[in-house]
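Remarks on the structure that follows.
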Amino acid sequence: MVNPTRGVLYPARLPQFHRLPAPASVSELVAWFWIPEWDIEPGRSSRQEIVAYPALNLVVDAEAVTLSGATTRASHRDLRGVGWAVGALLRPAAVAALIENPVVLVDGERELDTPMPEVAELHDAVVAAMGSGEGYRERAVDAFAHWLGERVGPLGEPALQANALMEVLMGEAAALTPEEAATRLAVSVRTLQRMTHRHVGLSPAAMIRRRRLQEAAQRVREEPDADLASIAAELGYADHAHLTRDFRSVLGVAPRVYRSESRG
């Protein structure tokens with residue numbers, strides 16, 4: 001798995017947070033599971049700011065089951081009281097079984113109808129597992145994985161090819177341009193665009209920009225002595241000014257300001 005704080009803008013502010021690997025049975029459906037748990041003093045809140053992965057998340061909490069779309073901007077969630085969530089960062093192969101057109105969920109989310117038997121089954125199984133007892137997180141993940149595997153069923157070649165595009169765009173040694181990604185996958189750029197819109201809801205270029213910004217934010221935060229111009233060059237930005245524009249357009253602050261704030 002990648003660095004567990006990738007995409008989290010202020011890791012020091014996180015409540016208890018865990019990323020668990022996907023069981024082998026759903027490794028083609030889920031990149032990993034994530035579980036935050038919090039207990040916030042009455043009258044206070046904890047704001048969690050995220051530059052999310054360009055992917056969909058299926059999330060179960062005590063109240064509902066929610067499908068969240070890919071995002072094009074930084075987002076936040078204010079945590080209050082006592083609570084938890086169990087989320088699955090979905091691989092493209094899982095998306096078609098949950099939504100016809102993921103474009104409609106970009107920068108949004110949809111609460112699934114828990115009275116529906118299949119959704120209620122997922123919710124009840126995860127809530128029961130999160131109740132108490134040693135190994136409850138692992139049990140919740142196992143219950144989640146079992147439900148998702150049953151829902152999606154056997155994968156065909158298009159689904160596996162969609163997973164391959166995610167690896168090319170977001171994995172180690174990822175492509176720097178849509179043209180490079182298309183060449184690696186032996187498809188046209190137009191076909192690549194259709195694949196990402198069908199399985200993620202974003203363009204290949206938008207996914208590359210998001211990955212690059214995630215990496216830049218992590219480098220800026222974790223390498224306080226690193227030269228920003230060098231970080232920009234290593235990550236494929238045209239120059240330091242380009243990195244600064246990307247930070248400001250998505251995070252709302254310049255890299256130097258973010259570096260200073262993230263130390264607090």
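Just so it is clear, none of the values below were taken in a lab; they were calculated from the coordinates. Note that the structure is predicted; figures quoted are calculated from it, not measured. All Cβ positions, glycine included, derive from the backbone under ideal geometry; neighbour counts span all protein chains shown.
At a 10 angstrom cut-off on C-beta neighbours, averaged per residue, how do the peptides 87-98, 22-33 rank from highest to lowest? Walk me through the intermediate numbers first.
Values: 87-98: 22.3, 22-33: 19.1.
Packing order, densest peptide first, comes out as 87-98, 22-33.
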Once the Cβ-Cβ distance between Ser188 and His240 is put in as r, and R0 is 41 Å, what FRET efficiency do you end up with, to the nearest 0.05? 0.75
For the range 11-152, the dipole about the Cα centre with charges only on Cβ (Lys and Arg +1, Asp and Glu -1), to the nearest 20 debye, works out at 540 debye
Built amide H within the under 5 Å cut-off of Leu20, gap 5+: Phe33, Trp34, Ile35
Once phi is turned into ³J(HN,Hα) by the Karplus curve 6.51 cos²θ - 1.76 cosθ + 1.60 with θ = phi - 60°, what whole-Hz value does each residue of the range 19-26 show in order, with x for glycine and proline? 10, 10, x, 6, x, 3, 5, 10
Step through the residues of the range 192-201 one at a time and calculate ³J(HN,Hα) from phi using the Karplus curve (6.51 cos²θ - 1.76 cosθ + 1.60, θ = phi - 60°), rounding each to whole Hz and writing x for Gly and Pro. 4, 4, 5, 5, 5, 5, 6, 10, 10, x
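Roughly speaking, what % of Cα-Cα pairs in the range 1-130 are separated by over 25 Å, rounded to a whole number?
Details: 1988 of 8385 pairs.
Here the tail beyond 25 Å accounts for 24 percent of pairs.
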Karplus-derived 3J(HN,Hα), 6.51/-1.76/1.60, for each residue of the range 133-141, Hz, glycine and proline x: x, 4, x, 5, 5, 4, 5, 5, 5
In nanometres, what is the gap between the two model label sites at Gln16 and Ser203, each 7 Å from Cα along Cα-to-Cβ? 4.4 nm
How large is the direction-averaged shadow of the alpha-carbon convex hull of the range 108-264, in nm²? 13.0 nm²
Between the alpha-carbon centers of the range 98-129 and the range 1-72, tell me the distance in whole angstrom. 16 Å
Test of understanding: given the chain, find the longest segment containing no trypsin sites (Lys or Arg not before Pro) that are in a DSSP loop and have at most 16 other Cβ atoms within 10 Å. 81-262
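Under the Kirkwood approximation applied to all pairs of distinct alpha-carbon atoms, what is the hydrodynamic radius of the chain in Å?
Working: mean 1/r = 0.0516 Å⁻¹.
After inverting the mean inverse Cα-Cα distance, the result is 19.4 Å.
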In a Gaussian network model of the chain with springs linking alpha carbons closer than 10 Å, the residue among Leu235, Leu155, Leu56 that fluctuates most is Leu155
